[in-house]
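Structure first, commentary second.
Taken together, the values in this text are just the output of simple stated rules run on the coordinates, not laboratory data. Keep in mind that what you see is a predicted model, and the values were worked out from it rather than measured. For neighbour counting, all protein chains shown are included, and Cβ atoms are generated from backbone atoms with ideal geometry for every residue, glycine included.
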């Protein structure tokens with residue numbers, strides 16, 4: 001399985017979208033400062049993920065969420081209740 005995930009920094013109140021084939025390990029890496037782009041910005045909380053059988057499909061979805069603001073905005077609309085509980 002391949003995962004596209006959304007995490008939230010409890011320290012800087014920012015989102016991060018990523019891709020992995022091992023979701024549990026990847027979240028641990030984010031929280032132990034082993035990921036260059038999120039170092040010293042945690043702790044990170046997993047907010048949402050999508051699972052794919054195809055690596056290609058997962059990478060396409062990650063890029064859509066990262067590069068097209070509308071895709072990310074639509075995702076945030078679907079998660080409104082979950083996101084309200086973060087603050």
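Taken over region 40-53, residues that are over 16 Å from residue 76 (Cβ atoms) and in contact with a helix residue (DSSP H, G or I) (Cβ under 9 Å, 6 or more places away or on another chain) amount to 6. The residues of region 46-63 that are free of Cβ contacts under 8 Å to residues at least 24 places away in the same chain and under 16 Å from residue 7 (Cα atoms) amount to a single one, 63.
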